[in-house]
1. Within the stretch 60-97, can you find the residues that are surrounded by 16 or more Cβ atoms within 10 Å (Cβ to Cβ) and outside any helix (DSSP H, G or I)?
2. Residue under question is Pro49, and the condition is that it be in a loop (DSSP other than H, G, I, E, B) and of a type outside the set (A, V, I, L, M); does it hold?
3. Name, by its number, the condition in (1) open to solvent by less than 40 Å² (accessible area, probe 1.4 Å); (2) modelled with pLDDT under 95 that does not hold for Thr118.
4. Quickly run through the stretch 10-37 and pick out the residues that are more than 21 Å from Gly65 (Cα to Cα) and either under 8 Å from the mean Cα position of the chain (by Cα) or not in a helix (DSSP H, G or I) (or both).
5. Return the pairs, sorted by first residue and then second, in which the second residue is at pLDDT 90 or above and surrounded by 13 or more Cβ atoms within 10 Å (Cβ to Cβ), the first residue lies in the stretch 88-105 and is closer than 13 Å to Ile43 by Cβ and of a type in the set (Val, Ile, Thr), the beta carbons are less than 9 Å apart, and the residues are 6+ apart or on different chains.
6. Taking the criterion of being closer than 22 Å to Gln102 by Cα and either touching a helix residue (DSSP H, G or I) at 6+ places or on another chain (Cβ under 8 Å) or open to solvent by less than 20 Å² (accessible area, probe 1.4 Å) (or both), would at least one residue in the stretch 2-16 satisfy it?
7. Does the stretch 62-75 contain at least one residue that is in contact with a Lys or Arg (Cβ under 7 Å, 6 or more places away or on another chain) and touching a residue at least 24 places away in the same chain (Cβ under 8 Å)?
Amino acid sequence: KGSLPAAIWSAAYFPFARLLPRARAIVHHGGVGTSAQAQRAGIPQLVWPQAYDQFDNAMHLERLGVGRRLLSHPLETAELVAQLRALEHEPSVRQACQRHAQMLSAGSLAPACAWLETLA
């Protein structure tokens, strides 16, 4: 904590349900829980998968139009910045994020289940 710039805030824990609705985007590892929380908040996702199902989750988020994958190892700052800017300025990404947030925030899961059935 002590070595972070003044513009960066750090906490040991803060609930995504309170934090993500205030964010413009999220950069994360691609875990299914983080992916779902970001979709529910309706924000674009930049995923840097590291292992296991994270690669598959990142691919699905791209296919849904709500995020992109970072594939460079080690992570390159220029790519990170370029991808975040692209996500922020693509109207189709914002629209997809809003559409999925509405499905996941509805009073019931019926709309989300109906949509899932169309994928089969």
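The values are calculated or read from the model by the stated rules, or taken from the named source; none is laboratory data. Treat the numbers as computed from the prediction; the structure is a model and nothing was measured. Note: ideal-geometry Cβ built from the backbone for every residue, glycine included; neighbour counts use all protein chains shown. Surface areas here come from the heavy atoms of the whole protein model, side chains and all, with no ligands, DNA or RNA. Shrake-Rupley method; radii C 1.70, N 1.55, O 1.52, S 1.80 Å.
1. Gly65, Val66, Gly67, Arg68, Arg69, Leu70 - these are the residues of the stretch 60-97 that are surrounded by 16 or more Cβ atoms within 10 Å (Cβ to Cβ) and outside any helix (DSSP H, G or I).
2. Yes; evaluated as a whole, the condition is true for this residue.
3. For Thr118, the exception is condition (1).
4. Within the stretch 10-37, Ser10, Ala11, Ala12, Tyr13, Phe14, Pro15 meet the criteria.
5. Here the result reads Val93/Pro44; Val93/Gly65; Val93/Val66; Val93/Gly67; Val93/Arg68; Val93/Ala86; Val93/Leu87, each pair linking the stretch 88-105 to a residue that is at pLDDT 90 or above and surrounded by 13 or more Cβ atoms within 10 Å (Cβ to Cβ).
6. Checking the stretch 2-16: at least one residue is closer than 22 Å to Gln102 by Cα and either touching a helix residue (DSSP H, G or I) at 6+ places or on another chain (Cβ under 8 Å) or open to solvent by less than 20 Å² (accessible area, probe 1.4 Å) (or both).
7. Scanning the stretch 62-75 turns up no residue that is in contact with a Lys or Arg (Cβ under 7 Å, 6 or more places away or on another chain) and touching a residue at least 24 places away in the same chain (Cβ under 8 Å).
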